[in-house]
1. Kindly list, by first and then second residue, each pair from a residue in the stretch 106-135 that is β-branched (V, I, T) to a residue that is open to solvent by 70 Å² or more (accessible area, probe 1.4 Å) and in a helix (DSSP H, G or I), limited to pairs with Cβ atoms under 9 Å and residues at least 6 apart or on different chains.
2. Looking at the stretch 242-261, which of its residues are of a type in the set (V, I, T) and within 11 Å of G43 (Cα to Cα)?
3. I want to confirm something. Restricting to the stretch 110-134 and keeping residues that are of a type in the set (S, T, N, Q) and surrounded by fewer than 14 Cβ atoms within 10 Å (Cβ to Cβ), which single residue is farthest from G227 (Cα to Cα)?
4. With L57, L41, L20 as the choices, which residue is open to solvent by less than 50 Å² (accessible area, probe 1.4 Å), of a type in the set (A, V, I, L, M) and closer than 29 Å to Y246 by Cβ?
5. What tally of residues in the stretch 81-105 results from selecting those that are assigned to a helix (DSSP H, G or I), open to solvent by less than 50 Å² (accessible area, probe 1.4 Å) and touching a residue at least 24 places away in the same chain (Cβ under 8 Å)?
6. Would you check if there is a residue in the stretch 176-183 being surrounded by fewer than 19 Cβ atoms within 10 Å (Cβ to Cβ), more than 26 Å from the chain's Cα centre (by Cα) and at positive phi?
7. Based on this model, can you work out whether D189 counts as open to solvent by 70 Å² or more (accessible area, probe 1.4 Å), within 20 Å of A76 (Cβ to Cβ) and modelled with pLDDT under 90?
8. Out of the stretch 257-279, which residues are open to solvent by 60 Å² or more (accessible area, probe 1.4 Å) and either touching a strand residue (DSSP E or B) at 6+ places or on another chain (Cβ under 8 Å) or free of Cβ contacts under 8 Å to residues at least 40 places away in the same chain (or both)?
Amino acid sequence: MQKKQNLLALVLLLPSIVVLGMFVFYPMIKTFWLSTQLTDLMGNPIKFVGFKNFINLFHSDSFMTSITVTMIFVIATSIFTVLCAYFLAILASKKMRGMGFFRTIFSATMGISVTVASILWLFMFNPQIGLFSKVLAALHLPDVNWLSDPVWALVAIIGTTVWMNIGFAFLILLGAVQAIPTDLYQVADLNGASKWLRLRKITLPATEPTLFFVMVVTLINAFQTFGQVDILTAGGPDYHTNLLVYSIYQDAFVNHTIGRASAESVVLTVIIMIFTFIQFYLNKRKAAKYAG
């Protein structure tokens, strides 16, 4: 009987195992293998070089700049996306006339493709006809080279990405906020609790699991950012918006150095795993603290 159950479980799992093997595990193994190879322009392995590609990466100024910029970008994007989405979710959870319109507006970025959104922001950052330049001119402030200044270019990419990602985070967090029983707020009101105390003692604890989920998803999405970088800055100026994913693309499909690109992919995977494990560890410690 047990053998039949095990066989049935294997048969049911087989399609998933095959799909994961073809599209997840095989590419991962192949990428790691290519990272140890010297390749030709077609990506064919020529010579086994071990960890030389990794050593060359960490001796490369452009790669180290990409690592630094990616860390700044990911942390800033994740924090601002979750904070803004959470603030909007709390506002949109109020029972007021016309609030459905604002909920639609706040989540509308989910329906806009990366390409369309990036082109929209490209026009807004234009120094001649862009909205931001006109606002600065109206306020008699000096103009800003949004996409050609190293610092402002990164700020522009972060702002664009936050705007693109905020719709998904808002929708998930809105569901979590609306699921909080209203009885808790009524009791808090009867006890004279302030809005800040209600937020800290009721809203935050009740939505903490959802906040954790949104933070993890936002973090991983930030590491995978590509389209807006390609359209807005193409990794410039001077590699200051050359995020790791865009660096991988450049090395693989522009410079045709597949071995180096594969090594960068391995490094990116390890970094994402480290960040994810840290988040799960911190969440586990917090859960254990509350349980204790």
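The values are calculated or read from the model by the stated rules, or taken from the named source; none is laboratory data. Keep in mind it's a predicted model, so treat the numbers as computed, not measured. We place every Cβ from the backbone using ideal geometry, glycine too, and count neighbours over all the protein chains shown. To get the accessible areas, we keep the full protein, side chains included, count just its heavy atoms, and leave off ligands, DNA and RNA. Shrake-Rupley method; radii C 1.70, N 1.55, O 1.52, S 1.80 Å.
1. Partner pairs satisfying both residue conditions: T109/W163; T109/F168; I112/L120; I129/F123.
2. Taking the stretch 242-261 first, the residues of a type in the set (V, I, T) are 245, 248, 254, 257-258.
Answer for the stretch 242-261, where residues must be of a type in the set (V, I, T) and within 11 Å of G43 (Cα to Cα): T257, I258.
3. Filtering the stretch 110-134 down to residues of a type in the set (S, T, N, Q) leaves 113, 115, 118, 126, 128, 133.
Applying the additional criterion that residues be surrounded by fewer than 14 Cβ atoms within 10 Å (Cβ to Cβ) yields 113, 115, 128.
Numbers: S113: 10, T115: 7, Q128: 23 Å.
The selected residue is Q128.
4. Values: L41 fails: open to solvent by less than 50 Å² (accessible area, probe 1.4 Å); L20 fails: open to solvent by less than 50 Å² (accessible area, probe 1.4 Å).
Only one candidate qualifies: L57.
5. Here is the first cut: in the stretch 81-105, the ones assigned to a helix (DSSP H, G or I) are 81-92, 99-105.
Subsequent filtering for residues that are open to solvent by less than 50 Å² (accessible area, probe 1.4 Å) retains 81-82, 85-86, 88-90, 92, 99-100.
Of the ones still in play, those that are also touching a residue at least 24 places away in the same chain (Cβ under 8 Å) are 81-82, 85-86, 88-90, 92.
Qualifying residue count, the stretch 81-105: 8.
6. No.
7. Working: open to solvent by 70 Å² or more (accessible area, probe 1.4 Å): yes; within 20 Å of A76 (Cβ to Cβ): no; modelled with pLDDT under 90: yes.
No.
8. V270, M273, I274, F277, I278
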